[in-house]
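Here is the structure we will look at.
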Amino acid sequence: MASGSYSLMWFRKALRIHDNPALEHASRASSFLYPVFVIDPRYMDPDPGAFSPGSSRAGINRIRFLLESLSDLDSSLKKLGSRLLVLKGDPDQTIIRCLKEWNINRLCFEYDSEPYYQSLDEKVKSLASSAGVETFCPVSHTLFNPLEIIKKNGGRPPLTYQSFIKLAEKPSWESSELNIPISSLPPVGDVGSCKIFDVPTLRELGHSDFELDENTPFRGGESEGLKRLKDVLSNQDWVANFEKPKGDPSAFHKPATTVLSPYLKFGCLSSRYFYQCINDVYKDVKHSVPPVSLLGQLLWRDFFYTVALGTPNFDKMKGNRICKQIPWNESDELLVAWREARTGYPWIDAIMVQLRKWGWIHHLARHCVACFLTRGDLFVHWEKGRDVFERLLIDSDWALNNGNWLWLSCSSFFYQYNRIYSPVSFGKKYDPNGNYIRHFLPVLKDMPKEYIYEPWTAPLGVQTKAKCIIGKDYPKRVVCHDSASKDCRRKMGEAYALNQRLHGLVSEHDLTNLRRNLEEKYQTAEMNCRSKRQKRSC
DNA sequence: GAGCCGTTGTCATT
DNA sequence: AATGACAACGGCTC
């Protein structure tokens, strides 16, 4: 053993023991194994200036989910004779310092295709290699290697799901045994002068003033993720017949989807292991197929990872070659109303409350509020909505979040901007009584079901009896959906025409001009509607 | 250049 | 529950 390697396993995602190739490699023929997680203060320290409790980058629910995942990882490592070494500081400097301090000759971490990690890992790898440290960075976060798919497609990512499926074919590891139990790990060596922490609590990080009335019901960690997976798999009929668009977005006591996304996001659950489990259920049973099936959802994830990696400025409108250039509103007033659940549309506001409290909302609920903010009603820039989701979601994932905002705003992938979700009727068809609204917007809990989706239409007597006066206890609508959505359709039409005319090469100047034109044309319409509504005092 | 396809719209009608 | 009108998009294949 004395001649074995000194290995450092750097955890970022892949917060798991099962199907973790980097961890397996790091523990093979090692005298000592140092399992490390670096807490970046920018990600974890409180930021009182942010619009919700949490750090400058993440809301409180996701920080908590991460801490729970780290605790669980630490206890799993301890069962195998090891432990998690938590350090604080700039990730690259901290890792480089550890390599020197501990005489590491092998550095292992999971490949990550996000831009943040692409540049961080480049730096760390080059410093490691100049110090003579071997690095091992396997692809294990996704089913496929996104770089290989892009290469196979001639250097550009496939832009449709079907072309992605054709290119991807079957994963190389499909019939390998991925979840081999580990019985023990090499010991952790001397840590020298490096300051090692236990996994901190939220309070130890300085987060103390977060609301306690209702937080996310989802606990982080590999153990929780595997337990949840087991629960999902125990209902084989449900797994086999799953069809994504058929789920009920208003179900919250028992969500209509798996809620495995936060576990996949942090790598508490291996997407590859999940894939194999689903395939096991599919064997000899009639089952749904991609894109709507459960397996299809994992393929969507890989699809977005691939497009995101192969598209410069994927997370922006400007300089993004697959993104339609659209003259979104520049006012922040409507954005804030949406973000703070004050649009006056109970279905939209209830979803935004659930997002803030739980850090998780159903996929179709995400569609409703994203469509409403952008092309459906408010015409606010998708990047601003993206930022809100990125902060508040416990499962927020760079590629998926940006990809879905591009999709829902009809900026890329999906272009049928006439299909707009109604902020009234969409929710009503699943939950006619408005139980979802009553739970997340208790101010409306006594509103009769006839009015709960459109409380501004309730007679004053009804509002009084329900102890909810519109304009006082609950806000008036920020826009009238009928006219606002019609304006949005026309604006999208004009923006699309401009993009087509200029072959996508729309300059800042072109966009400003169009914005000015559209404002002149449509401001009057919405103003008229607003004053009409004021006369009706709704 | 035409034709087909696209994970998940709404509303009215049957 | 299923259908068609609404009004009609871009990407891909041929």
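The values are calculated or read from the model by the stated rules, or taken from the named source; none is laboratory data. If you're wondering where the values come from, they're calculated on a predicted model, not measured in any experiment. Cβ: placed from backbone, ideal geometry, glycine included. Neighbour counts: every protein chain shown. Side chains are part of the model used for accessible areas, which takes the heavy atoms of the whole protein and leaves out ligands, DNA and RNA. Shrake-Rupley method; radii C 1.70, N 1.55, O 1.52, S 1.80 Å.
One table, with the values for the structure above:
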item: Whichever residue in region A:325-338 is touching a Leu at 6+ places or on another chain (Cβ under 9 Å) and not in a loop (DSSP other than H, G, I, E, B) and, among such residues, is surrounded by the most Cβ atoms within 10 Å (Cβ to Cβ); result: A:338
item: Residue list for region A:19-34, restricted to those being in contact with a Ser or Thr (Cβ under 6 Å, 6 or more places away or on another chain) and either open to solvent by less than 20 Å² (accessible area, probe 1.4 Å) or within 16 Å of residue A:204 (Cα to Cα) (or both); result: A:19, A:26, A:30, A:33
item: All helices (runs of 4 or more DSSP H) inside region A:205-300 with 2 or more residues being hydroxyl-bearing (Ser, Thr, Tyr) and touching a helix residue (DSSP H, G or I) at 6+ places or on another chain (Cβ under 7 Å); result: A:271-282
item: Residue list for region A:339-374, filter: basic (Lys, Arg), crowded, with 21+ Cβ neighbours inside 10 Å and more than 16 Å from DNA strand B (Cβ to nearest atom); result: A:339, A:356
item: Scan of region A:353-368 for residues that are in contact with a Phe, Trp or Tyr (Cβ under 7 Å, 6 or more places away or on another chain) and assigned to a helix (DSSP H, G or I), ordered by number; result: A:353, A:354, A:367, A:368
item: Single residue of region A:281-294 satisfying the filter (more than 16 Å from DNA strand C (Cβ to nearest atom) and open to solvent by 20 Å² or more (accessible area, probe 1.4 Å)) that is modelled with the lowest pLDDT; result: A:284
item: Search result, residues across region A:325-361 that are acidic (Asp, Glu) and out of contact with any helix residue (DSSP H, G or I) (no Cβ under 9 Å at 6 or more places or on another chain); result: A:333
item: Region A:368-379 - residue that is in contact with a strand residue (DSSP E or B) (Cβ under 9 Å, 6 or more places away or on another chain) and within 19 Å of residue A:415 (Cβ to Cβ) and, of those, farthest from DNA strand C (Cβ to nearest atom); result: A:373
item: Selection count where residues are more than 15 Å from DNA strand B (Cβ to nearest atom) and of a type in the set (Phe, Trp, Tyr), scope region A:375-387; result: 1
item: Cβ pairs under 8 Å, 6+ apart, first in region A:477-504 and without any contact (Cβ under 8 Å) to a residue 12 or more places away in the chain and within 14 Å of residue A:324 (Cβ to Cβ), second open to solvent by 20 Å² or more (accessible area, probe 1.4 Å) and more than 15 Å from DNA strand B (Cβ to nearest atom); result: A:502/A:510
item: Any hit, region A:478-496, residues being more than 16 Å from DNA strand B (Cβ to nearest atom), open to solvent by less than 40 Å² (accessible area, probe 1.4 Å) and modelled with pLDDT of 95 or more; result: yes
item: Only listed residue being within 16 Å of DNA strand C (Cβ to nearest atom), of a type outside the set (Ser, Thr, Tyr) and either at pLDDT 95 or above or closer than 24 Å to residue A:306 by Cβ (or both), chosen from A:359, A:403, A:344; result: A:403
item: Failed item in (1) assigned to a helix (DSSP H, G or I); (2) touching a residue at least 40 places away in the same chain (Cβ under 8 Å), with residue A:96 passing the rest; result: (2)
item: The listed residue being closer than 30 Å to residue A:318 by Cβ and touching a helix residue (DSSP H, G or I) at 6+ places or on another chain (Cβ under 6 Å), out of A:483, A:507; result: A:483
